[in-house]
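One structure below.
The values are calculated or read from the model by the stated rules, or taken from the named source; none is laboratory data. Small disclaimer: the values here were computed from a predicted structure and weren't measured. No Cβ is skipped: glycine too gets one built from the backbone with ideal geometry, and neighbour counts run over all protein chains shown. To get the accessible areas, we keep the full protein, side chains included, count just its heavy atoms, and leave off ligands, DNA and RNA. Shrake-Rupley method; radii C 1.70, N 1.55, O 1.52, S 1.80 Å.
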Amino acid sequence: SANVLRNALRFTGKLKLVAPKEKTEADKEAEALGQHQPGVLLASAIEGKFVGIFDPLDGSGNADAAICTGTVFGLFENLERRKAIKKQIKDGNKDAVEERFTLKKYKDPDALARSVLQPGKQLVGAGYCLYSSATILVFTLAGGSVNGFTLDPQSNEFILTHPNIRIPRRGSVYSCNEANSEGWDDDLKAYIKALKTGDNETGKPYALRYVGSMVGDIHRTLMYGGLFMYPGDSGRHPHGNLQLLYKSSPMAHIICAAGGMATDGKQNLLDLEPKRVHERRPCFIGSPEDIKEMKRYIKHDDDDKDEE
């Protein structure tokens, strides 16, 4: 899957570099922490204005069972380029401002890895492609509307089928790996119990739906509302099990652009700045009313802001 995506990105003629085949220092550090996920791709636009990160096949463990999988991507402005242009303007070198930003430094895979370590609120674009009964591409650019396109197998083109997607204010489904629940905090257990029993703000029990492929679970949440979560636990996943930079952040960006909310259980998920490419963080992503209700059970650092 990584080779297929790498070749497709190169074929566009718009990319200067796609993630190296050799391991970066970030990869080696992640392996030591047990967090490395092979196949993740980094890329830079040929003029150097943007950098991106791609997860080629989310849910790959489900592929042999013919369960839905997907590709996730996030795009950032190249902050090093912005700094260089500001310096050129300050120095009065107007001609240099018009020149393309040199990408020599991005021949160094570690430099490219550092350039994408930005919080989700700085994403200029994010999306996913869902491979299921249909192939659906969903993305948003520059904080605008979220749009969905379905692949027409006859014309081999993506057709706009879901314009201006808005997540329902509240859903009736929660999605999580409840096998980890013995290690959850008591306040989270209380919230999940309220969803199960109907002792919640809707007065009705929620249904549990969990595919185990984040793209599939998030797509269902976007369409029908509800809440997707992968919290930390006291067992094998103290920081959750999803990578912040190329899974949770892009997905949270999409959901928030569609009117939803996202948190790591303490603060806005899009405010988190990853320190490593493969860093994991807990995540709660979904309908705004469901997230707000969850936050009444789980104390957040930004609760005062929400009341304003």
Shape of region 104-221, Cα gyration tensor, a/c cut at 1.5:
oblate
Gyration tensor on Cα atoms of region 160-283, a ≥ b ≥ c root eigenvalues, a/c under 1.5 rounded, else prolate if a/b beats b/c, else oblate, says oblate
Loop-located GluC sites (Glu not before Pro) in region 131-208, at most 13 other Cβ atoms within 10 Å (DSSP)
Glu201
So which of Lys196/Lys292; Lys193/Lys295; Lys247/Lys299; Lys189/Lys275; Lys14/Lys87; Lys16/Lys86 end up more than 20 Å apart, counting from Cα to Cα?
Lys247/Lys299; Lys189/Lys275; Lys14/Lys87; Lys16/Lys86
How much accessible surface does Asp110 have with a 1.4 Å probe, in Å² rounded to 10?
40
Anisotropy class of region 128-173 from Cα gyration tensor, a/c 1.5 cut
oblate
Round to the nearest 10 and report in Å² the accessible area of Ile85, as given by a 1.4 Å probe over the protein chains' heavy atoms.
40
Considering only protein heavy atoms, with the full assembly of protein chains and a 1.4 angstrom probe, order Arg236, Arg10 by accessible area, largest first.
Arg236, Arg10
Could you run the Karplus curve 6.51 cos²θ - 1.76 cosθ + 1.60 with θ = phi - 60° over region 196-210 and give me ³J(HN,Hα) per residue in whole Hz, x for Gly and Pro?
5, 8, x, 7, 10, 5, 8, x, 10, x, 8, 9, 9, 9, 9
So how do Val138, Val173 rank on accessible area, 1.4 Å probe, biggest first, that is with the largest at the start?
Val173, Val138
With every protein chain left in place, what is the accessible area of Arg81 in Å² (1.4 Å probe, nearest 10)?
50
